[in-house]
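Asks: Okay, handing you the structure first.
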Amino acid sequence: MNKIGFIGAGNMASSIIGGLLNAGFNAANIRASDPSPMEHIRQLGIELMPDNQSLARWADIIVLAVKPQALQSACTQISEQVSQRHLILSIAAGIRSTSISNWLAADVACVRVMPNTPALLGLGMSGLYATPQTSEEQVKQATDIMETTGRVIRFNNEAMIDAVTAVSGSGPAYYFLLMEAMIKAAVQQGLSEDDARLLVIQTALGAATMAQQSDVEVDELRRRVTSPGGTTEQAIKTLLDGDFMQLVNNAVDAAARRSIELSDEMDRNT
Ligand SMILES: NC(=O)c1ccc[n+]([C@@H]2O[C@H](COP(=O)([O-])OP(=O)(O)OC[C@H]3O[C@@H](n4cnc5c(N)ncnc54)[C@H](OP(=O)(O)O)[C@@H]3O)[C@@H](O)[C@H]2O)c1
């Protein structure tokens, strides 16, 4: 059984550790190291190590779960302990695998993952890229870990992680914004805040579940609920006349470009 060590025991580490325990991973094979771990992590019953170096010595799989700006320092701290027997799994947004290898000063197997916040509920979506040094068995180990928090797609081109960041990484915020706008519009129609919130969130959940379970594409689902001359048609026409499709495309493109910029900045500092 592989020993999984988390460097950084914050929100995302806590989601993944919770997912692993729920999936039946043995708590004795999971440890973390963090100068100020989340209280929740302590309650999960895993052992906390006194420092990153002892964690790296103990672990077979090292999950880098610190904020991007703290990653270089965390990698430098463990560079002497990391060897070819390790699998490095980084969930840090915007840090390329080449930066991680340089900071670790080791030619190790490295899997870069972009998760999202619904991982907290086991409804996450992760994009995964594995460097050529990573064996298929190690890719499976990384996939198995992330699948305990939701779904996983593997990409063979690391640049796709910027697209994943722009779509599913940042995506929950886009849906929250649409919900926010709909709640405000519902209140404008005279509904109470509480009723507006329930109407909007339950509708979002129902629509997402229908889209997930249906065997037809989302544009067809939309057409099926848009009767000619009806109410939905008026709303959809208003959105499309306001260039909704182009606006969403511009938003995703801006996020992807920012992800590339942030990675470039990190590369320059390497
Ligand atoms: N949350 C998300 O939705 C999300 C989505 C996609 C990707 N990610 C990625 O996941 C990573 C973690 O995010 P998060 O939201 O879980 O952050 P977080 O809650 O701030 O957790 C990070 C933890 O790492 C600790 N830490 C800092 N430096 C350390 C070091 N050298 N060694 C050990 N621990 C250290 C921090 O302690 P201090 O607080 O004392 O600094 C903190 O407890 C980030 O890189 C982020 O890009 C997060």
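The values are calculated or read from the model by the stated rules, or taken from the named source; none is laboratory data. Note that the structure is a prediction, hence the values are computed from the model and not measured. Ideal geometry is used to build each Cβ from the backbone, glycine not excepted, and the neighbour counts take in all protein chains shown.
Asks: Do we find that Val82 is within 9 Å of the ligand (Cβ to nearest atom), of a type in the set (Val, Ile, Thr), within 16 Å of Ile100 (Cβ to Cβ) and surrounded by 13 or more Cβ atoms within 10 Å (Cβ to Cβ) in this structure?
Replies: no
Asks: Additional query: Considering only segment 137-154, I want to know if a residue exists there that is assigned to a strand (DSSP E or B), more than 10 Å from the chain's Cα centre (by Cα) and among the aliphatic types (A, V, I, L, M).
Replies: yes
Asks: Exactly one condition in (1) part of a helix (DSSP H, G or I); (2) closer than 17 Å to Ile145 by Cα is not met by Arg31; state its number.
Replies: (1)
Asks: Tell me yes or no: at least one residue of segment 41-62 is surrounded by fewer than 15 Cβ atoms within 10 Å (Cβ to Cβ), of a type in the set (S, T, N, Q) and under 22 Å from Ile100 (Cα atoms).
Replies: No, segment 41-62 has no match at all.
Asks: Every residue in segment 1-40 that is more than 19 Å from the chain's Cα centre (by Cα), within 23 Å of Gln81 (Cβ to Cβ) and not polar (S, T, N, Q), please.
Replies: Hits for segment 1-40 are Met1, Lys3, Phe25, Ala27, Ala28, Ile30, Arg31, Ala32, Asp34, Pro35, Pro37.
Asks: Still on this model: Suppose we filter Asp107, Asp34 for residues that are within 9 Å of the ligand (Cβ to nearest atom) and of a type in the set (Asp, Glu); which single one remains?
Replies: Exactly one residue qualifies, and that residue is Asp34.
Asks: Which one of these does Val187 not meet: (1) surrounded by fewer than 19 Cβ atoms within 10 Å (Cβ to Cβ); (2) touching a Lys or Arg at 6+ places or on another chain (Cβ under 9 Å)?
Replies: The one condition Val187 does not meet is (2).
Asks: Going by what's in this entry, would Met49 be described as within 14 Å of the ligand (Cβ to nearest atom), over 25 Å from Gly169 (Cα atoms) and in contact with a helix residue (DSSP H, G or I) (Cβ under 8 Å, 6 or more places away or on another chain)? Walk me through it before giving the result.
Replies: Values: within 14 Å of the ligand (Cβ to nearest atom): yes; over 25 Å from Gly169 (Cα atoms): yes; in contact with a helix residue (DSSP H, G or I) (Cβ under 8 Å, 6 or more places away or on another chain): yes.
Judged against the criteria, Met49 is a match.
Asks: Take segment 34-59 and flag every residue that is among the hydrophobic types (A, V, I, L, M, F, W, C) and not in a helix (DSSP H, G or I).
Replies: Of segment 34-59, the ones among the hydrophobic types (A, V, I, L, M, F, W, C) are 38, 41, 44, 46, 48-49, 55-56, 58-59.
Those that are among the hydrophobic types (A, V, I, L, M, F, W, C) and not in a helix (DSSP H, G or I): Met38, Leu44, Ile46, Leu48, Met49, Ala59.
Asks: Restricting the search to segment 167-185, which residues are within 12 Å of the ligand (Cβ to nearest atom) and out of contact with any Ser or Thr (no Cβ under 6 Å at 6 or more places or on another chain)?
Replies: Listed by number, the residues that qualify are Ser168, Gly169, Ser170, Gly171, Ala173.
Asks: Name the single residue, out of those in segment 1-16 being over 15 Å from Asp144 (Cβ atoms) and in a loop (DSSP other than H, G, I, E, B), that is farthest from the ligand (Cβ to nearest atom). Don't jump to the end; show me each part of the working.
Replies: Going through segment 1-16, the residues over 15 Å from Asp144 (Cβ atoms) turn out to be 5-15.
From what's left, in a loop (DSSP other than H, G, I, E, B): 8-10.
Numbers: Gly8: 3, Ala9: 6, Gly10: 2 Å.
Ranking the qualifying residues of segment 1-16, first place goes to Ala9.
Asks: Just the residues that are more than 13 Å from Ile17 (Cβ to Cβ) and not acidic (Asp, Glu), please, taken from segment 39-58.
Replies: Hits for segment 39-58 are Met49, Pro50, Asn52, Gln53, Ser54, Leu55, Ala56, Arg57, Trp58.
Asks: Something else about it: Only one of Gly24, Gly19, Gly94 is more than 9 Å from the ligand (Cβ to nearest atom), modelled with pLDDT under 95 and crowded, with 20+ Cβ neighbours inside 10 Å; which?
Replies: Details: Gly24 fails: crowded, with 20+ Cβ neighbours inside 10 Å; Gly94 fails: more than 9 Å from the ligand (Cβ to nearest atom).
Step by step, each of Gly24, Gly19, Gly94 is checked, and only Gly19 is more than 9 Å from the ligand (Cβ to nearest atom), modelled with pLDDT under 95 and crowded, with 20+ Cβ neighbours inside 10 Å.
Asks: Quick one: which residue in Ile88, Ile62 is outside any helix (DSSP H, G or I) and touching a residue at least 40 places away in the same chain (Cβ under 8 Å)?
Replies: Selected residue: Ile62, the only one of Ile88, Ile62 that is outside any helix (DSSP H, G or I) and touching a residue at least 40 places away in the same chain (Cβ under 8 Å).
Asks: Another question, then. Check Met125 against each of (1) surrounded by 13 or more Cβ atoms within 10 Å (Cβ to Cβ); (2) within 18 Å of the chain's Cα centre (by Cα); (3) outside any strand (DSSP E or B) and name the one condition it does not meet.
Replies: (3)
Asks: If you don't mind, another one. Do we have any residue at all in segment 156-178 that's over 20 Å from Ala256 (Cα atoms) and charged (D, E, K, R)?
Replies: Looking through segment 156-178, none of the residues is over 20 Å from Ala256 (Cα atoms) and charged (D, E, K, R).
Asks: Could you check, for segment 207-222, whether at least one of its residues is in contact with a Ser or Thr (Cβ under 8 Å, 6 or more places away or on another chain) and surrounded by 11 or more Cβ atoms within 10 Å (Cβ to Cβ)?
Replies: So the first thing to find is which residues in segment 207-222 are in contact with a Ser or Thr (Cβ under 8 Å, 6 or more places away or on another chain), and the list is 221.
Now narrow it down to the ones that are surrounded by 11 or more Cβ atoms within 10 Å (Cβ to Cβ): 221.
Yes, segment 207-222 contains at least one residue that is in contact with a Ser or Thr (Cβ under 8 Å, 6 or more places away or on another chain) and surrounded by 11 or more Cβ atoms within 10 Å (Cβ to Cβ).
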